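**Student:** Take this structure first; my questions come after.
The values are calculated or read from the model by the stated rules, or taken from the named source; none is laboratory data. Worth saying up front: this structure is predicted, and the values here are computed from it rather than measured. A quick note on method: Cβ atoms are made from the backbone with ideal geometry, for glycine too, and the neighbour counts reach across all protein chains shown.
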Amino acid sequence: MNLSELSLSSWTGIVYRLQVLPSPIEALKDMEIDSRGMLEMIQLLRARGDLEDIQSTLDHPFQARIHGPKRQTRFSDGSIRVFYSAVELETARKEVLYHSLVYAISHSSPDRQVYYNEISCHFEGNTIIDLRPHLDSMPYLVKDMADGYEECNRIGQEAVAIDLDGLATPSARNQPNGSCAPIFKRSAITDPADEGVCVFSYDASSRTIEVERL
């Protein structure tokens, strides 16, 4: 199915994304700083220039990849830029959890902890297409890389070609009700805000990840 066969719509609302925090943040947990204190410390570190500015968390996905090979993602073969976000914070966590686990297992990672800043922003989607009602005819929307990414890459290319702000898609990792919002225009997202911090703890012996919201 081509996007040109589907109806355009608009949607305005809050979307969520997880951003990796540098390892020194771990020291804040060891100091038993509560979640509010941790967010205040993150904001202080940003103000000092020790952490990426929160506006930059919106810019980064749209910047051209300078080093390394192009990396295929669900809606890009690496040639277009996509801001991956979710309509629900829980969906954002589950999407990152899946990819973190795949990475840890495939790279034979030892026990490790990764800290994430939970970020929200405002999405002004004046031209979007909602693919969620079409999952039965587009099952590749929730398939893994080998079975789904090629068709989804084609959709991403078409979305950019017809100048969409973004898509509304079913979540592959938070079914049946989770929704994702791949966004193709930097101008469509504004007003980033810190929502919290969580830590993903990988146990190499059991090949599992425990998620703790701080």
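**Student:** Which one of these does Asn177 not meet: (1) part of a loop (DSSP other than H, G, I, E, B); (2) more than 18 Å from the chain's Cα centre (by Cα)?
**Tutor:** The single condition Asn177 does not satisfy is (2).
**Student:** Now for a separate question. May I ask you to list the residues in the range 70-119 that are aliphatic (A, V, I, L, M) and part of a helix (DSSP H, G or I)?
**Tutor:** Across the range 70-119, the qualifying residues are Leu89, Ala92, Val96, Leu97, Leu101, Val102, Ala104, Ile105.
**Student:** Let me ask something additional. Given the conditions (1) surrounded by fewer than 19 Cβ atoms within 10 Å (Cβ to Cβ); (2) among the polar types (S, T, N, Q); (3) assigned to a strand (DSSP E or B); (4) at pLDDT 95 or above, and given that Gln157 satisfies all but one, which numbered condition is not satisfied?
**Tutor:** Unmet condition: (3).
**Student:** Further, regarding this structure: Could you say whether any residue in the range 181-194 is part of a strand (DSSP E or B), touching a Gly at 6+ places or on another chain (Cβ under 7 Å) and charged (D, E, K, R)?
**Tutor:** no
**Student:** Please count how many residues of the range 90-107 are more than 19 Å from Lys143 (Cα to Cα) and crowded, with 20+ Cβ neighbours inside 10 Å.
**Tutor:** 1
**Student:** Among what's in the range 120-134 and is touching a Ser or Thr at 6+ places or on another chain (Cβ under 9 Å) and either of a type in the set (Phe, Trp, Tyr) or not in a strand (DSSP E or B) (or both), pick the residue that is surrounded by the fewest Cβ atoms within 10 Å (Cβ to Cβ).
**Tutor:** Once the filter is applied, the top-ranked residue is Arg132.
**Student:** What about Ile155, is it among the β-branched types (Val, Ile, Thr), out of contact with any strand residue (DSSP E or B) (no Cβ under 7 Å at 6 or more places or on another chain) and touching a residue at least 60 places away in the same chain (Cβ under 8 Å)?
**Tutor:** When the stated conditions are applied, Ile155 passes them.
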